[in-house]
């Protein structure tokens, strides 16, 4: 079955509807722990990999009872000659996709105007592999009232900005004809996914316009390629962002509320990205389908998004303590104590501007927080003769000189995200020089220099 999250809530569609299993799987943890310390990513990448696995088009179809349900009306490419297990996996995937393309249930009527929006969801398989659905919901060209369609690109590659540009091209072609989309997607599928910082060029013919050259560039900073912080900065104050960050770091239950699917998707991805080099390891659903709204009753940590029209339904649920974030008003509707740490240094570093470097500036502030509080973890790994590492937790915590920081670290070491990170570190004595480790080394060199000069 597919897990509708990057780790935590599992669900698959069968004839009786969605079934839920509310705990991470050990297989997923094993997959996570095979990655390098400081370079954890929920999305796998291999050089030369396809841009995407499927393009599906989802539309609303009328049921016998009069309600509407989302159905796939087109799939590219069609898969043939699949083995039995592969065919069953594909069927589960294709059954799950419509639910997340139209998470707002049956609340639809034919429209004459609709502003297109972009959002994404994540499906995690039991072996820990993940697939992302990049969605563009739009109103097709036509006369009279009609239903919107969702163009959904399924890929195991995490790069939201790049796929948003691809969906721009898909929408542009949809305004001409469905037939113009498929040659473009075929050209894209035949093109290898670029390495960080590299560009690929795709030739695409459009009637009355001729052949266009479309350049797709992958960001150089790979840990930021699936995130856009601007949406979060526009909706929450620095104080609330820090409170939210602290709640996520300590693995609390967090519900986001917004009108638009795109806002929910962007803001939840942004909060998860603030945790780098750690990864959220629990239930994570950027947009909860209406039929799964009781997810908010989960007793374990979660980070989920709910459309505002479902707010009363959420509040009626027998929930445990949660942080309920209203992204429309920029306020907390419910909160749970001062989570700490609220890291004042991060607050002064949050850029509330339209700078193109906003992603880097925001991420850097929070990375430095982790560098200063837990960056000394490598000094407390002991190795046996067989090369197996053992983390010395008590000595690690005691090594933190600040009392407030030590209090945080003692709580943080008990989180699953820290445990998974340390499991990776214990696997190999060879330190991988990822971005986080480079920042740790720079900080330690600065401290040595200051001590020599004092």
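The values are calculated or read from the model by the stated rules, or taken from the named source; none is laboratory data. Source: prediction; values computed, not measured. Methodologically, a virtual Cβ is constructed for each residue, glycine included, from the backbone with ideal geometry; neighbour enumeration extends over all protein chains shown.
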Q: Could you please tell me which pairs satisfy a Cβ distance under 8 Å, a separation of 6+ or placement on different chains, a first residue in the stretch 55-81 that is at positive phi and not assigned by TED's automatic domain parsing to the domain that holds residue 133, and a second residue that is surrounded by fewer than 14 Cβ atoms within 10 Å (Cβ to Cβ) and part of a strand (DSSP E or B)?
A: none
Q | Scope the stretch 429-454; condition assigned to a loop (DSSP other than H, G, I, E, B) and either under 22 Å from the mean Cα position of the chain (by Cα) or not assigned by TED's automatic domain parsing to the domain that holds residue 252 (or both); matching residues | A | 434
Q. Hey, any hits in the stretch 377-389 for a residue that's touching a strand residue (DSSP E or B) at 6+ places or on another chain (Cβ under 7 Å), buried (at least 17 other Cβ atoms within 10 Å of the Cβ), assigned to a helix (DSSP H, G or I) and modelled with pLDDT of 90 or more?
A. yes
**Q.** Odd one out for residue 317, checked against (1) touching a residue at least 24 places away in the same chain (Cβ under 8 Å); (2) not in a loop (DSSP other than H, G, I, E, B)
**A.** (2)
Q) How many residues does the stretch 224-283 hold that are more than 30 Å from residue 196 (Cα to Cα) and in contact with a strand residue (DSSP E or B) (Cβ under 8 Å, 6 or more places away or on another chain)? A) 13
Q) Residues 287, 249: which one is more than 26 Å from residue 404 (Cα to Cα) and crowded, with 23+ Cβ neighbours inside 10 Å? A) 287
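For the stretch 162-189, enumerate the residues that are over 15 Å from residue 54 (Cα atoms) and either within 21 Å of the chain's Cα centre (by Cα) or outside any helix (DSSP H, G or I) (or both).
First, the residues of the stretch 162-189 that are over 15 Å from residue 54 (Cα atoms): 162, 164-165, 168-169, 171-180.
Answer for the stretch 162-189, where residues must be over 15 Å from residue 54 (Cα atoms) and either within 21 Å of the chain's Cα centre (by Cα) or outside any helix (DSSP H, G or I) (or both): 162, 164, 165, 168, 175, 176, 177.
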Q.
Filter the stretch 139-153 down to the residues that are surrounded by fewer than 20 Cβ atoms within 10 Å (Cβ to Cβ) and assigned to a strand (DSSP E or B) and list them by number.
A. 146
(Q) Checking the structure you have, find out if any residue of the stretch 271-284 is farther than 30 Å from residue 376 by Cβ and at pLDDT below 90. (A) yes
Q.
Test of understanding: among 227, 296, which residue is crowded, with 21+ Cβ neighbours inside 10 Å and under 12 Å from the mean Cα position of the chain (by Cα)?
A. 227
Q. Counting just the residues of the stretch 70-102 that are over 26 Å from the mean Cα position of the chain (by Cα) and not in a helix (DSSP H, G or I), which one comes out surrounded by the most Cβ atoms within 10 Å (Cβ to Cβ)?
A. 73
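Determine whether residue 181 is surrounded by fewer than 21 Cβ atoms within 10 Å (Cβ to Cβ), more than 23 Å from residue 261 (Cα to Cα), touching a helix residue (DSSP H, G or I) at 6+ places or on another chain (Cβ under 9 Å) and not assigned by TED's automatic domain parsing to the domain that holds residue 267. First the steps, then the outcome.
Numbers: surrounded by fewer than 21 Cβ atoms within 10 Å (Cβ to Cβ): no; more than 23 Å from residue 261 (Cα to Cα): yes; touching a helix residue (DSSP H, G or I) at 6+ places or on another chain (Cβ under 9 Å): yes; not assigned by TED's automatic domain parsing to the domain that holds residue 267: yes.
Spelling it out, it is not the case that residue 181 is surrounded by fewer than 21 Cβ atoms within 10 Å (Cβ to Cβ), more than 23 Å from residue 261 (Cα to Cα), touching a helix residue (DSSP H, G or I) at 6+ places or on another chain (Cβ under 9 Å) and not assigned by TED's automatic domain parsing to the domain that holds residue 267.
Would you call residue 192 modelled with pLDDT of 90 or more and within 25 Å of the chain's Cα centre (by Cα)?
Details: modelled with pLDDT of 90 or more: no; within 25 Å of the chain's Cα centre (by Cα): yes.
Taking the combined requirement at face value, the residue does not satisfy it.
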Q: Could you please find all residues in the stretch 402-428 being part of a loop (DSSP other than H, G, I, E, B) and at pLDDT 90 or above?
A: 413, 414, 415
Q: Quick one: in the stretch 377-407, of everything that is in contact (Cβ under 8 Å) with a residue 40 or more places away in the chain and within 21 Å of residue 439 (Cα to Cα), which residue is farthest from the chain's Cα centre (by Cα)?
A: 381
